[in-house]
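**Q** Have a look at this one before I ask anything.
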Amino acid sequence: MTFETVYQYNFPTTIRFGAGASAELGDYLIRNGLSKPLIVTDRTVEQLDFFKKLTAGLKAKNISVEVFSDIHKNPVKSDVYKGTDVYDATHRDCIVGIGGGAALDVARAIVLRVEHREDLFKYDDLIGGDVYVTNGVPHFITIPTTAGTGSEVGRSAIIADDQTHQKKILFSPKLLAKIVFADPLLTMDLPAPVTAATGMDALTHNLEAYLAKMPHPLSEGIALQGIELIGASLETAVNQPDLESRSKMLIASLMGAVAFQKGLGVVHSLAHPLSSLLDTHHGLANAVNLPYGMRFNIAGFEHKFRRIARALDLKDETGEGVVNYLFELNTKVHIPHRLGDIGVKAEHVETLSDLAIADFAHPNNPKPVSREDFKALYLEAL
Ligand SMILES: [Fe+2]
């Protein structure tokens, strides 16, 4: 890194991490003078036992609970508008997001909308809309139920247009949660395929953040430790889940999201088009592309792959050793090695390559990626 440039590093969120942390929510609200939370979640989480217990516990403390769960798997603008209508109509005083990436994205977008009532996409960060985020925001709390996106510590929400499905990014440091209750007990019942796909997303965040080109020693340290934790726990978390493996995955996923303020890279740009074109699960799309994208990055960055290999405790400390490990890890968590096995066909490759080159992630990749590179990587993985 050069020492003549000024960089910005952000680590502001309070995190309560550990088994049972989510039970602290009620007392936290009371301590902060809050009594009317809008709880934003999805319909699956709303039906789970822990959620019913959590809301019953709040009501027992005389907290008025309103739940909004009418959201899409890939959230759209109308989800955000509907949730804000509920916030208004029921006179809420704070927002609690409980769930995976989708629920937390909608919760965060409602946090923005409460006091920013122009068209939601005026605030799209990709067109510089963050400068319009000038008003206050309600008190915001997050409780993750998956170990993957790390959205609980994020400051942006991805929301799509209802008609065009085009994705917009709402971004502002004001959208950070004031506190995260990261409770591994909430992830104990996640089914194996979800644990595998979200866990590989978390691994991809840590790997891409570690390699991303922005100089950021704080994030690099966090990312390497995240890689080590995932290497030590993902297979167990998928195949024989216990509190230790699920706890390590939860904290490592959160670390991945903290670290990727440094940037992501080629793998996320390969993965995003699969979700827009074929509705592929984000984590699964990353998992299948990960070994190929990492192999693309080896030349010139052998020293960084050596440190990744050490974090993973590999005998072979070369980049190829890391790539082989990633293929084997996919096998162990029952994820295929080929894009053809998750619905990609040769006829999709041109469109996928167009979408990938337009994606926001790869400009932070340690080396430039051209459209021809994307095409070659898709064909190699097909
Ligand atoms: Fe991701």
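Where a number appears in this text, it was derived from the coordinates with a stated rule and is not lab data. Quantities reported herein were computed from a predicted structural model and do not represent experimental measurements. Reconstructed Cβ throughout: ideal geometry from the backbone, glycine too, with neighbour counts over all protein chains shown.
**Q** Students often check this: by mean Cβ neighbours within 10 Å, which of 289-297, 120-128, 343-351 ranks highest, and how do the rest follow?
**A** In decreasing order of mean packing, 289-297, 120-128, 343-351 become 289-297, 120-128, 343-351.
**Q** Still on this model: Work from the charge dipole of the chain (Cβ charges, +1 for Lys and Arg, -1 for Asp and Glu, about the Cα centre) and give the residue of Ala56, Thr331, Ala358 farthest towards its positive end.
**A** Ala56
**Q** Mind putting a number on the dipole of segment 190-381 about its Cα centre? Charges go on the C-beta only, +1 for Lys and Arg and -1 for Asp and Glu, and I need it in Debye to the nearest 20.
**A** Using Cβ point charges on Lys, Arg, Asp and Glu, segment 190-381 gives about 340 debye.
**Q** Using just the Cα positions, wrap segment 172-221 in a convex hull and report its mean projected area in square nanometres, one decimal place.
**A** Hull-based average projected area comes out at 5.2 nm².
**Q** With all pairs of different alpha carbon atoms counted, what Kirkwood hydrodynamic radius in Å does segment 126-235 show?
**A** Evaluated over segment 126-235, this radius sits at 16.2 Å.
**Q** Collect residues whose amide H, placed 1.01 Å from N in the peptide plane, falls under 5 Å from the amide H of Gly99; neighbours closer than 5 in sequence don't count.
**A** Correct list: Ile143, Thr145.
**Q** Which three extents, in whole angstrom, do the alpha-carbon atoms of segment 72-167 cover along their principal axes, largest first?
**A** 31, 31, 23
**Q** Using the Kirkwood radius over C-alpha pairs as Rh, can you work out the diffusion coefficient of the chain via Stokes-Einstein at 4 °C, viscosity 1.567 mPa s, in µm² per second?
**A** Diffusion coefficient, whole number: 61 µm²/s.
**Q** Placing +1 at every Lys and Arg Cβ and -1 at every Asp and Glu Cβ, with all other atoms neutral, what dipole size does the chain have around its Cα centre, in debye to the nearest 20?
**A** Values: 37 positive and 46 negative charges, 143 e Å.
Using only the charged Cβ atoms, the result is roughly 680 debye.
**Q** Right, here's the next one. Per the Debye formula with a single identical scatterer at each Cα and no solvent contribution, what log10 I(q)/I(0) holds for segment 7-186 at q = 0.17, 0.19 Å⁻¹?
**A** Per q value, in the given order, log10 I(q)/I(0) is -1.04, -1.31.
**Q** Using the Karplus equation 6.51 cos²θ - 1.76 cosθ + 1.60 (θ = phi - 60°), what ³J(HN,Hα) coupling, rounded to whole Hz, does each residue of segment 292-307 give in order, writing x for Gly and Pro?
**A** Running phi through 6.51 cos²θ - 1.76 cosθ + 1.60 with θ = phi - 60° gives 5, x, 5, 4, 4, 8, 4, 4, x, 10, 4, 5, 6, 5, 4, 5 Hz.
**Q** If you don't mind, another one. Would you please give the residues with an amide H less than 5 Å from that of Cys94, counting only those at least 5 places away or on a separate chain, with H modeled from the backbone geometry?
**A** Lys36, Leu38
**Q** Something else about it: Which order do the peptides 331-338, 18-25, 99-106 take when ranked by the mean count of other beta-carbon atoms within 10 Å per residue, highest first?
**A** On the way: 331-338: 15.0, 18-25: 17.2, 99-106: 27.2.
Highest to lowest by the protection proxy: 99-106, 18-25, 331-338.
**Q** Rounded to the nearest 500, what is the chain's calculated 222 nm mean residue ellipticity when only DSSP H runs of at least 4 contribute -39500 (n - 2.57) each, over all residues?
**A** It comes out at -15000 deg cm²/dmol, rounded to the nearest 500.
**Q** On to the next question. Rank the residues Arg117, Arg92, Arg371 as a footprinting-exposure proxy: fewest other Cβ atoms within 10 Å of their Cβ go first.
**A** The order, fewest Cβ neighbours first, is Arg117, Arg371, Arg92.
**Q** Of all DSSP beta bridges in the chain, what percent run antiparallel (nearest 5)?
**A** Antiparallel bridges: around 25 percent, rounded to the nearest 5.
**Q** Relative contact order (percent) for the chain, with alpha-carbon contacts under 8 angstrom and 6 or more residues of separation?
**A** Averaging sequence separation for qualifying contacts and normalising by length gives 14 percent for the chain.
**Q** At q = 0.08, 0.11, 0.13, 0.14 Å⁻¹, what is the log10 ratio I(q)/I(0) for segment 190-381, with the Debye formula run over Cα points and no solvent?
**A** For segment 190-381, the Cα-only Debye profile gives -0.22, -0.43, -0.60, -0.71.
**Q** Which lysines does Lys77 reach when only Cα atoms under 22 Å apart count, and residues fewer than 8 places away in its own chain are ignored?
**A** Lys122, Lys167, Lys168, Lys174
**Q** Just want the answer: with Cβ charges of +1 for Lys and Arg and -1 for Asp and Glu, which residue in Ala376, Val322, Gly263 is farthest toward the dipole's positive end in segment 190-381?
**A** Of the options given, the answer is Gly263.
**Q** Within 10 Å, count the other beta carbons around each residue, average over each peptide in 252-258, 200-206, 352-358, and list them highest first.
**A** Numbers: 252-258: 27.6, 200-206: 29.1, 352-358: 18.7.
Averaged packing, sorted descending, gives the order 200-206, 252-258, 352-358.
**Q** Here's something else I'd like to know. How high is the relative contact order of segment 7-186, in percent, with contacts defined as C-alpha pairs under 8 Å that are six or more residues apart?
**A** Details: 350 pairs, mean separation 50.7, N = 180.
Once divided by the residue count of segment 7-186, the mean separation gives 28 percent.
**Q** Each residue of segment 239-244 in turn: what ³J(HN,Hα) in whole Hz from Karplus with 6.51, -1.76, 1.60 and θ = phi - 60°, glycine and Pro shown as x?
**A** 9, 9, x, 9, 4, 5
**Q** Across 5 Å bins from the origin, how do the percents of Cα pairs in segment 6-91 run, short distances first?
**A** Taking all Cα pairs of segment 6-91, the binned fractions are 3, 11, 18, 19, 19, 15, 8, 3, 2, 1, 0 percent.
**Q** Any idea what the dipole of segment 157-271 comes to, in debye rounded to 20, about its Cα centre with Lys/Arg Cβ at +1 and Asp/Glu Cβ at -1? Write out the running numbers ahead of the final one.
**A** Values: 8 positive and 11 negative charges, 100 e Å.
The dipole of segment 157-271 has a size of about 480 debye.
**Q** Can you run phi through the Karplus equation (6.51, -1.76, 1.60; θ = phi - 60°) for segment 319-324 and list ³J(HN,Hα) in whole Hz, with x for Gly and Pro?
**A** The phi angles translate into x, 4, x, 5, 4, 4 Hz.
**Q** Two decimals, Cα atoms only, Kirkwood Rh: what is Rg/Rh over segment 206-254?
**A** Rg divided by Rh gives 1.07.
**Q** Compute the angle between helix 266-278 and the longest alpha-carbon principal axis of the chain, please, reported from 0 to 90 degrees and rounded to the nearest 10.
**A** 60
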